[in-house]
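See below for the structure under consideration.
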Amino acid sequence: MSAVVQSASTEAEENLTDGFNLIIDALKLNGLNTIYGVPGIPITDFGRMAQAAGIRVLSFRHEQNAGYAASIAGFLTKKPGVCLTVSAPGFLNGLTALAHATTNCFPMILISGSSEREIVDLQQGDYEEMDQLAIAKPLCKAAFRVLHAADIGIGVARAIRAAVSGRPGGVYLDLPAKLFGQVMNADAGKKSLVKVIDAAPAQIPSPDSIKRALEVLKSAKKPLIILGKGASYAQADDAVRAFVEKTGAPFLPMSMAKGLLPDTHPQCAGAARSTVLKDADVVLLIGARLNWLLSHGKGKAWGDAPKKFIQIDIEPKEMDSNVEIVAPVVGDIGSCVTALLNGMGGNWPAASADWIKAVTTKRDDNIAKMAPKLMNNNVPMDYHGALGVLRTIVKERPDAILVNEGANTLDLARGIIDMYQPRKRIDVGTWGIMGIGMGYAIAAAIETGKPVLCVEGDSAFGFSGMEVETICRYKLPVCIVIFNNDGIYRGTDVNASGSSDPAPTVFVKGARYDKMMEAFGGVGVNATSPDELKRAVNAAMDSGKPTLINAVLDPAAGSESGRIGNLNPQSKLKKK
Ligand code: ADP
Ligand code: TPW
Ligand code: MG
């Protein structure tokens with residue numbers, strides 16, 4: 001469809017365009033061809049027109065889920081995911097996801113319609129009035145407002161560049177209602193659009209930093225490489241693998257870096273995590289921060305042995321955030337890892353055989369200990385029996401995308417389900433956030449065209465559960481497995497007051513989540529044993545039909561806060 005509207009003027013026929021069309025053209029010009037959002041004033045027509053112009057417009061049931069979808073689209077594609085919302089409440093619903101994108105270093109643009117500046121600034125009470133730009137600013141990497149149609153091209157360009165360059169993050173783009181209808185000359189409009197050249201330029205590390213890092217690495221007796229989701233995001237898969245293999249060092253993948261090298265790789269130390277953290281003498285971080293997920297690089301988890309840290313990151317301010325980094329390497333991961341590889345030359349010393357043997361022995365022991373648990377056929381199911389089945393299914397279908405959230409459901413699935421390919425595991429990320437499930441599943445299906453398997457705690461699922469309608473509506477190949485243990489962490493808590501209210505962590509017993517899927521024409525299955533679960537998941541993955549499997553778990557299965565119970569303050573004074 002042409003972006004040109006014909007002037008009604010009787011004078012010289014002037015071709016006109018407007019805000020609606022210019023925004024659409026600016027997005028398309030920059031290859032942003034998918035929008036995740038919820039319609040309403042003032043963006044309803046914008047959504048319709050964008051769809052008519054060939055942009056894929058995915059309409060959600062809640063902006064937060066659309067926002068999470070956009071954020072993970074950014075992670076999967078290295079292009080900013082776009083989320084579109086209405087003003088105040090819609091904007092606020094999307095804002096959690098924008099903050100999440102920024103925290104996780106995912107490129108995303110939240111575009112919200114807003115009300116007129118004149119009314120907002122005098123606080124005169126417009127429909128859904130709110131000073132959105134001011135509210136978004138502290139929660140994102142950059143925030144912009146466009147007031148004139150002639151500035152749309154620049155506004156969109158700035159948003160894209162801010163989202164993807166350097167450390168990626170969330171960008172807010174505020175578009176007041178009046179902008180959409182603003183009319184201007186079509187030729188001038190076309191000329192005002194900007195195609196962003198080299199939006200995320202390579203950032204080449206300094207030769208000194210490479211030399212320093214290699215010296216430290218060479219001095220290691222017990223090296224360890226930690227791969228983070230920045231390394232997955234960078235899409236420098238071959239270079240990362242070649243580098244890790246050339247060092248011969250054990251590597252530990254963070255959750256969303258699993259599969260960058262297969263979890264079954266001989267150097268993978270995933271199953272010997274505590275040993276390698278404690279005993280390593282040189283630790284090389286590639287796109288992973290030393291935040292809470294790595295115990296801030298110090299304390300008990302890291303043992304007493306002195307350690308030297310090398311860190312590769314695009315963000316210079318990340319260095320020394322928690323402990324001293326003796327060899328900071330600032331640049332993009334592709335360029336840094338390639339420079340390191342080149343600097344290693346032809347005869348890089350093999351990693352110490354004793355170290356490798358110690359790590360491998362520990363890993364193989366742990367794997368052997370786990371194996372029988374995963375083969376149990378208990379009814380009601382426990383986590384291990386159910387996950388043993390899913391582990392095999394993912395092994396047989398390595399290109400499927402795994403979405404995972406919950407507490408026990410998250411921690412145990414992360415440890416048990418091996419990943420084989422990069423960017424196939426997406427989960428709760430840096431905040432350990434519940435609610436990413438359905439948004440992530442939808443974006444993963446849309447952006448990759450691959451089948452999606454969601455492994456969801458029953459609580460976790462509830463945060464985005466209404467989007468099963470969206471999944472059915474767009475007929476997406478998504479199979480949701482709900483680990484239903486009747487509650488948060490477990491379903492066995494009792495109310496200590498003696499009143500008839502249930503305890504705060506428990507849900508309706510024996511709930512049938514599968515019926516929710518049937519309500520929208522999807523396939524619902526109630527699975528009570530590992531065998532039933534296996535059959536149902538395989539059928540869903542083969543058919544590609546939207547499916548929800550209610551996996552009935554023992555309500556007593558699961559521990560408080562899953563694997564991070566140590567972070568949970570508990571009263572010693574509470575009434576029994
Ligand atoms: P994880 O949670 O897996 O440990 P984090 O989110 O903590 O990973 O860390 C990701 C890091 O990767 C961030 O510090 C971010 O700046 C960095 N990063 C993201 N993209 C790139 C890139 N292309 N090159 C270098 N570093 C990157
Ligand atoms: C946005 C707190 C962490 S884990 C969890 C909650 C509510 C649910 C755990 O129960 P689930 O898993 O999913 O049934 P399982 O297997 O242990 O029974 N709000 C937000 N984010 C977080 N992290 C929470 C609350 C929380
Ligand atoms: Mg639960």
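The values are calculated or read from the model by the stated rules, or taken from the named source; none is laboratory data. Remember, predicted model here, so these are calculated numbers, not experimental data. Cβ atoms come from the backbone with ideal geometry, glycine included; neighbour counts cover every protein chain shown. Note: areas computed on protein heavy atoms with side chains; ligands, DNA, RNA excluded. Shrake-Rupley method; radii C 1.70, N 1.55, O 1.52, S 1.80 Å.
Out of the helices (runs of 4 or more DSSP H) lying entirely within region 406-480, which hold 2 or more residues that are within 16 Å of ligand 3 (Cβ to nearest atom) and open to solvent by 10 Å² or more (accessible area, probe 1.4 Å)? Give the steps one after another, and end with the answer.
Details: elements: 408-416, 437-448, 458-462, 468-473.
Answer list for region 406-480: 408-416, 458-462.
Any residue that is closer than 30 Å to residue 99 by Cβ, touching an Asp or Glu at 6+ places or on another chain (Cβ under 9 Å), open to solvent by less than 50 Å² (accessible area, probe 1.4 Å) and outside the structural domain of residue 80 (by TED's automatic domain parsing) - is there at least one of those in region 265-275?
Yes, region 265-275 has at least one match.
Only one of 565, 522, 558 is in contact with a helix residue (DSSP H, G or I) (Cβ under 6 Å, 6 or more places away or on another chain), within 16 Å of ligand 2 (Cβ to nearest atom) and open to solvent by less than 40 Å² (accessible area, probe 1.4 Å); which?
Sole residue among the options that is in contact with a helix residue (DSSP H, G or I) (Cβ under 6 Å, 6 or more places away or on another chain), within 16 Å of ligand 2 (Cβ to nearest atom) and open to solvent by less than 40 Å² (accessible area, probe 1.4 Å): 558.
Only one residue in 139, 133, 147 is in contact (Cβ under 8 Å) with a residue 24 or more places away in the chain and within 16 Å of ligand 2 (Cβ to nearest atom), so which one is that?
139
Has region 489-506 got at least one residue that is in contact (Cβ under 8 Å) with a residue 40 or more places away in the chain, away from ligand 3 (no atom under 16 Å from the Cβ) and within 30 Å of residue 81 (Cα to Cα)?
no
Give the number of residues within region 1-36 that are farther than 23 Å from residue 176 by Cβ and either part of a strand (DSSP E or B) or modelled with pLDDT of 95 or more (or both).
5
Only one of these is under 26 Å from residue 424 (Cβ atoms) and surrounded by 15 or more Cβ atoms within 10 Å (Cβ to Cβ): 323, 337. Name it.
The match here is 337.
Scan (1) closer than 22 Å to residue 292 by Cβ; (2) more than 16 Å from ligand 1 (Cβ to nearest atom) for the single condition residue 452 breaks and write down its number.
Among (1) closer than 22 Å to residue 292 by Cβ; (2) more than 16 Å from ligand 1 (Cβ to nearest atom), the lone unmet condition for residue 452 is (1).
Quickly run through region 37-46 and pick out the residues that are assigned to a helix (DSSP H, G or I) and buried (at least 20 other Cβ atoms within 10 Å of the Cβ).
Correct list: 46 only.
Would you tally the residues in region 503-539 being assigned to a loop (DSSP other than H, G, I, E, B) and among the charged types (D, E, K, R)?
So the answer is 2.
When you check residue 220 against the structure, is it within 25 Å of the chain's Cα centre (by Cα) and surrounded by 18 or more Cβ atoms within 10 Å (Cβ to Cβ), yes or no? If you could, list the steps in order and put the result at the bottom.
Details: within 25 Å of the chain's Cα centre (by Cα): no; surrounded by 18 or more Cβ atoms within 10 Å (Cβ to Cβ): yes.
No, not satisfied.
Return the residues of region 470-497 that are farther than 19 Å from residue 412 by Cα and within 16 Å of ligand 2 (Cβ to nearest atom); say none if nothing qualifies.
492, 493 - these are the residues of region 470-497 that are farther than 19 Å from residue 412 by Cα and within 16 Å of ligand 2 (Cβ to nearest atom).
Tell me, please, whether a residue that is away from ligand 1 (no atom under 16 Å from the Cβ), touching a Pro at 6+ places or on another chain (Cβ under 6 Å) and either of a type outside the set (Lys, Arg) or not assigned by TED's automatic domain parsing to the domain that holds residue 301 (or both) can be found in region 542-552.
Yes - at least one qualifying residue is present in region 542-552.
Here is a list: 294, 390, 340. Which entry is outside the structural domain of residue 103 (by TED's automatic domain parsing), outside any loop (DSSP other than H, G, I, E, B) and either within 16 Å of ligand 2 (Cβ to nearest atom) or aromatic (Phe, Trp, Tyr) (or both)? Spell out the reasoning first.
Working: 294 fails: either within 16 Å of ligand 2 (Cβ to nearest atom) or aromatic (Phe, Trp, Tyr) (or both); 340 fails: either within 16 Å of ligand 2 (Cβ to nearest atom) or aromatic (Phe, Trp, Tyr) (or both).
The conditions single out 390.
For region 90-107, how many residues meet the condition of being under 10 Å from residue 141 (Cα atoms) and either away from ligand 2 (no atom under 15 Å from the Cβ) or modelled with pLDDT under 95 (or both)?
Final tally of qualifying residues: 3.
Inspect region 226-243 for any residue being over 30 Å from residue 362 (Cβ atoms), without any contact (Cβ under 8 Å) to a residue 60 or more places away in the chain and open to solvent by 20 Å² or more (accessible area, probe 1.4 Å) and give the result as yes or no.
Checked region 226-243: no residue is over 30 Å from residue 362 (Cβ atoms), without any contact (Cβ under 8 Å) to a residue 60 or more places away in the chain and open to solvent by 20 Å² or more (accessible area, probe 1.4 Å).
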